[in-house]
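Presented below is the structure to which this report refers.
The values are calculated or read from the model by the stated rules, or taken from the named source; none is laboratory data. Predicted model, so just to flag it, every value in this text is computed and none were measured. Don't worry about glycine lacking a Cβ; one is built from the backbone with ideal geometry, like all the others, and counts go over all protein chains shown.
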Amino acid sequence: MKKQVKRTAASLLTAGLLLSMLAGCGGNNAADGGDPAKSTNSGGNGSSPVTLTYFSEDASSNWNDMQDRIGKVLTEKTGVVLDAEFAVGDPVQKVSIMAATGEVPDLIAAKADLGKLVDVGAVMDLTDLIEEHAPNIKKMLGDKIVRAKYSLDDQSIYAIPTWSSIDERKFKAEYGFQLQHRVVKEAGYPEIRTLEDYEKVIKDYLAKHPTDENGNKNIGLTLNADDWHMYQVTNMGFFTTGAPDDGEYYVDQETFDVTYHFRRPEEREYFRWLNHMNASGLLDNESFVQKTDQFKAKVASGRVLGLIDPAWDYGEAQQALKSAGKFDQTYGHYPVTVSKEYKDASFWPAGFDGGYGIAISSKCKDPVAAIKFLDYLASEEGQILMNWGVEGEDYVVEDGKRVVPKDVQEKMDNEGNAYMKESGLGLYWNLSVHYGDGIKDSTGNYFTKSNSESLTASYSAPEKEALAAYKIEHWKDLFPSEEEFPERKAGAVYNIALPSDSKATILMAKMKDITWKRVPEAIMAKPEEFDKIWDAYMADLDKAGVKEMEEAYGKFVKDRVKLWSGK
């Protein structure tokens, strides 16, 4: 009851602020029909741009204060400039401080800890703003808008979903196990399907090439376990055992009961393999002490033969390799599992997810300007700008088709992050609800570059050689397809925003501390000590209340299914 009173108070605060803002801005919106490009608070009509503060839980090392090409167009079209801050260290701690102090920016890109801000009334219910000022967001979400609602008990929309795509059909492999093209070429392009296959290719290459051309030691496999990146290490426990990414839980797709995924016996064998890789000298012994910058520097040096890391995490380092012309030291993607009885679930679709997204704070200085900015990004024009850049600079239209000229593609490859910073490509993705890969706009062109034709055009010569050797068009073709998996009626449950005082939230903090201590300990131990440490880890989880946590979280999962299904 206390929580409901708190949320009601927050709703009244939000409603009052919203009414005052709408009254103050009412004269600006009579003639524009909700089109952000025509809004009279736009910098394009001679008035000064409005500056909105923005915090994102995700880093953006190429952010250029909207002085990139795309950013300048966005300000011209919407009259908005973002004064952005990106998380350094633990983003959860930053959001917790915001919730405790009430010091919140105008816009907040929050993840599962959005609930902390909801509980203290720090973010607005966006339902009315979307209805009145966001026709593009409303159109794109369509009947999926129910998935943007906070919960079964509180059906407000506190965040516009930005971490899932509408009607997406992915062409690009991001996950899996990565290997340098030169490594698989020397091995004769063998099937790489199991942990044993993956290990053999690395081991054989290191035996012949222990150092690089400069005499520096080659590294078989390194991990990025710095702070929250630890999740990237542990997530492979479920990918290698046939489960999809549901955060820290394994979800029974029929009963919707959940299990803290480390408690699945099959996952023990994946972590046992990492222990074996360490004992064999194939795993970088700095994996659990290095910082992200050190990890990326190693990858950018070209000395790391294999990675178990999503492409978005090592992307900057791979761009550096491309800029240096080291294309044979960039990576292909392989669907590796513990054994062939499992299928890699990288492409198991979750459908469109609510949850993670961008919120407008209850202290936002101009909520109408904020929602119109976000709505422009959701427009067809905004989607094309965000994904393709500026016509004539980043792409051209030939015979009605958007294409990236060869010289521009080469510049992108050679300049890497510098090009991203100059153009703004990739910098605005998680500010907008967006159409997914494989979806066409009104001109018959794809919204994103991650389509079959564009992807093929982006491949380097060593990559094309590897794909040809495996008789595939794209890396995705090595992986089990979407059609091989059942529907996930709860979506990806990692993005369920929980109240900060729920048992699941409180107990998960305990489980994380135990897991982040025990997993590295088990991996770095002597092989004969692995089972003893893992058994102690399981006992620690039991003692800390893991079953109670599973039951509590399972209730939220089941409630989501009821909300989304309307039953």
| remark: Among residues of the stretch 211-229 being modelled with pLDDT of 95 or more and either closer than 22 Å to PHE556 by Cβ or not in a loop (DSSP other than H, G, I, E, B) (or both), the residue nearest to the chain's Cα centre (by Cα) is THR222
| Hey, does the stretch 385-403 have a residue that's within 28 Å of TYR356 (Cα to Cα), at pLDDT below 95 and in a loop (DSSP other than H, G, I, E, B)? | no
| From the list GLU551, GLU483, GLU487, which one is surrounded by fewer than 19 Cβ atoms within 10 Å (Cβ to Cβ) and farther than 30 Å from ASP154 by Cα? | GLU483
| said: Against the conditions (1) surrounded by 14 or more Cβ atoms within 10 Å (Cβ to Cβ); (2) without any contact (Cβ under 8 Å) to a residue 60 or more places away in the chain; (3) of a type in the set (D, E, K, R); (4) within 27 Å of SER164 (Cβ to Cβ), where does GLU453 fall short? Just the number, please. | reply: (1)
| query | Say we look at the stretch 517-561 and pick out the residues that are closer than 20 Å to LEU223 by Cα and free of Cβ contacts under 8 Å to residues at least 24 places away in the same chain; which of these is farthest from the chain's Cα centre (by Cα)? | reply | GLU521
| task | Consider only pairs whose beta carbons are under 8 Å apart and that are at least six residues apart or on different chains; among these, list those whose first residue lies in the stretch 375-386 and is in the same structural domain as LEU74 (by TED's automatic domain parsing) and whose second residue is among the acidic types (Asp, Glu). | result | GLU380/ASP441; GLN383/ASP441; ILE384/ASP441
| message | Pairs please, first residue from the stretch 331-350 and closer than 21 Å to ASP437 by Cα, second anywhere and of a type in the set (A, V, I, L, M) and part of a strand (DSSP E or B), Cβ atoms under 9 Å, 6+ apart in sequence or on different chains. | response | GLY332/LEU179; HIS333/LEU179; TYR334/LEU179
| request: Could you list, in sequence order, all residues of the stretch 470-484 that are closer than 15 Å to ASP437 by Cβ and either of a type in the set (Ser, Thr, Tyr) or touching a residue at least 24 places away in the same chain (Cβ under 8 Å) (or both)? | output: HIS474, TRP475, LYS476, PHE479, SER481, GLU482
| field | Single residue of PRO36, PRO105 found to be modelled with pLDDT under 90, surrounded by 17 or more Cβ atoms within 10 Å (Cβ to Cβ) and not assigned by TED's automatic domain parsing to the domain that holds ASP513 | value | PRO36
| remark: For the stretch 505-556, the count of residues that are assigned to a helix (DSSP H, G or I), small (Gly, Ala, Ser) and modelled with pLDDT of 95 or more equals 6
| query | Can you tell me how many residues in the stretch 128-140 are crowded, with 19+ Cβ neighbours inside 10 Å and assigned to a helix (DSSP H, G or I)? | reply | 6
| task | Can you confirm whether the stretch 365-388 contains a residue that is within 29 Å of LEU498 (Cα to Cα), surrounded by fewer than 17 Cβ atoms within 10 Å (Cβ to Cβ) and out of contact with any Phe, Trp or Tyr (no Cβ under 8 Å at 6 or more places or on another chain)? | result | yes
| task | Give the residues of the stretch 474-501 that are assigned to a loop (DSSP other than H, G, I, E, B) and under 27 Å from THR194 (Cα atoms), sorted by residue number. | result | HIS474, PHE479, PRO480, SER481, PHE485, PRO486, GLU487, ARG488, ALA492
| Does the stretch 198-209 include one or more residues that are touching a residue at least 60 places away in the same chain (Cβ under 8 Å), in a strand (DSSP E or B), under 20 Å from SER287 (Cα atoms) and hydroxyl-bearing (Ser, Thr, Tyr)? | no
| Mind checking whether some residue in the stretch 461-477 is on the phi > 0 side of the Ramachandran plot and more than 27 Å from the chain's Cα centre (by Cα)? | yes
| task | Could you list, in sequence order, all residues of the stretch 242-283 that are within 21 Å of the chain's Cα centre (by Cα) and among the β-branched types (Val, Ile, Thr)? | result | VAL251
| request: Taking the residues in the stretch 163-186 that are in a loop (DSSP other than H, G, I, E, B) and touching a Leu at 6+ places or on another chain (Cβ under 9 Å) as candidates, determine which candidate is surrounded by the fewest Cβ atoms within 10 Å (Cβ to Cβ). | output: LYS172
| message | Please count how many residues of the stretch 340-364 are over 14 Å from the mean Cα position of the chain (by Cα), under 17 Å from ALA99 (Cα atoms) and not small (Gly, Ala, Ser). | response | 3
| query | Looking at the stretch 440-455, which of its residues are at pLDDT 90 or above and part of a helix (DSSP H, G or I)? | reply | none
| message | Please verify whether SER56 is at pLDDT 50 or above, more than 20 Å from MET124 (Cα to Cα), among the hydroxyl-bearing types (Ser, Thr, Tyr) and under 22 Å from the mean Cα position of the chain (by Cα), treating the condition exactly as stated. | response | no
| Picking from VAL92, VAL120, VAL81, which residue would you name as being under 15 Å from SER500 (Cα atoms) and modelled with pLDDT of 90 or more? | VAL120
| message | Exactly one condition in (1) surrounded by 15 or more Cβ atoms within 10 Å (Cβ to Cβ); (2) outside the structural domain of GLY89 (by TED's automatic domain parsing); (3) in contact with a helix residue (DSSP H, G or I) (Cβ under 8 Å, 6 or more places away or on another chain) is false for ARG193; which is it? | response | (3)
| task | Report yes if ASP125 is buried (at least 19 other Cβ atoms within 10 Å of the Cβ) and either within 27 Å of GLN319 (Cα to Cα) or touching a residue at least 40 places away in the same chain (Cβ under 8 Å) (or both), otherwise no. | result | yes
| request: With the condition kept exactly as written, say whether any residue in the stretch 416-439 is outside any loop (DSSP other than H, G, I, E, B) and among the β-branched types (Val, Ile, Thr). | output: no
| field | the stretch 141-162, subset surrounded by 24 or more Cβ atoms within 10 Å (Cβ to Cβ) and not in a loop (DSSP other than H, G, I, E, B), residue nearest to the chain's Cα centre (by Cα) | value | PRO161
